[in-house]
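A short write-up of the structure that comes next.
Where a number appears in this text, it was derived from the coordinates with a stated rule and is not lab data. Nothing here was measured: the structure is a model prediction, and the numbers come from that model. Here the Cβ is made from the backbone with ideal geometry for all residues, glycine too, and neighbour counts use every protein chain on show.
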Amino acid sequence: MNDVKIAPSLLAADFGNLQRDVELVNESEAAWHHLDIMDGLFVPNISYGMPVIKTIAEHATKPLDTHLMIVDPDRYIQTFADLGVYMLTVHYEACPHLHRTIQAIKAAGMKSGVALNPHTDVSLLENVLNDLDLVLVMSVNPGFGGQSFIHRTYEKIRRLRKMIKQQEASALIEVDGGVNLENAPKLIEAGADVLVAGSSVFKSEDPKKTIAELAATTFS
Ligand code: DX5
Ligand code: ZN
């Protein structure tokens, strides 16, 4: 048995029935709610803003795992802290003063995560790895749900796992994009601790069952 955490991405939820879908995650074996915040600038798409995030926060009973795909995320650190966010993840590519941003997230009382685009090498985190609670490895280019998984991700996770061990760091490894029941065992085997899943959960016939199956993933 492993203790993989599942973080369903609400980007794939039915926004006409948002409360219902948040409650579905509450009642499931998911560990966290994954919130994708896009600004139409860092990524080509706009997802949802503060009124929707506030609604999710009001109904969610599990920790909020918030993935900011926005430029200059420092502007909103306090806002997300006030909303009760547990994990705030910013993109390496959006933060010229990443170390400062990480410290500001922690000072605001949240756990601190950094996301890497598919082209960004894990070695670039060497100098901040020991300050992090989570590294989010993007397995698609951020901006949209429902894209296909990039296979090179396995190797990135393996290298990151090695770095974490070498540096005696405690950051969790989260994978996001195109995650499904088929690639989950290989991702866990490579060293992933948290799996984000949008389409494979919410587009399935029984999302709660799919979350349970993902959470029970093992590898031989
Ligand atoms: C993509 C987002 C993901 C996305 C995952 O930019 O960060 O969290 O919602 O969706 P699927 O699982 O459909 O790839
Ligand atoms: Zn995400």
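To the nearest Å, what is the center-to-center distance of region 7-71 and region 130-149, using C-alpha atoms only?
15
Please arrange I70, I37, I105 by counting, for each residue, the other beta carbons lying within 10 Å of its beta carbon, fewest first. Please report the intermediate quantities before stating the final value.
On the way: I70 20, I37 24, I105 27.
Fewest-to-most ranking of I70, I37, I105: I70, I37, I105.
What's the exposure ranking of E189, E205, going from fewest to most Cβ atoms within 10 Å?
Numbers: E189 16, E205 6.
Placing the least packed residue first, the sequence is E205, E189.
Between D121 and A108, what is the label-point separation in nm under the 7 Å Cα-to-beta-carbon projection?
3.1
Roughly speaking, what % of Cα-Cα pairs in the chain are separated by over 23 Å, rounded to a whole number? Please report the intermediate quantities before stating the final value.
Details: 9922 of 24090 pairs.
Summing the P(r) of the chain above 23 Å gives 41 percent of all pairs.
Just need the relative contact order of region 83-170 here, percent rounded to a whole number, with Cα pairs under 8 Å and 6+ apart.
On the way: 105 pairs, mean separation 23.0, N = 88.
Taking the mean separation of contacting Cα pairs over the length of region 83-170, I get 26 percent.
Packing-wise, with mean Cβ within 10 Å as the measure, how do 208-215, 132-139 rank, highest first?
On the way: 208-215: 18.6, 132-139: 24.5.
By packing density, highest mean first, the sequence is 132-139, 208-215.
Using modelled amide H (1.01 Å from N, peptide plane; none on Pro or chain starts), what sits under 5 Å from the amide H of L35, excluding residues fewer than 5 places away?
D65, T66, H67
Counting pairs of alpha carbon atoms under 8 Å apart in space and at least six apart in sequence, what relative contact order in percent does the chain give?
23
At a Förster radius of 30 Å, what calculated FRET efficiency corresponds to the Cβ-Cβ distance of D82 and K186, to the nearest 0.05? Show your work: numbers first, answer last.
Details: r = 39 Å, r/R0 = 1.29.
Calculated transfer efficiency: 0.20.
State the antiparallel share, in %, of DSSP beta bridges confined to the chain, rounding to the nearest 5.
Details: 1 of 32 bridges.
In the chain, approximately 5 percent of DSSP beta bridges are antiparallel ones.
Longer than 28 Å from Cα to Cα, which of K111/K203; K111/K162; K5/K203 are they? Say none if no pair is.
K111/K203
As an exercise, identify the trypsin sites (Lys or Arg not before Pro) in region 56-154 lying in DSSP coil whose Cβ has no more than 13 other Cβ atoms within 10 Å. All intermediate terms of the calculation are to be shown ahead of the outcome.
Details: sites: R75, R100, K106, K111, R152; in loops: R152.
Here the sparse-neighbourhood loop sites are R152.
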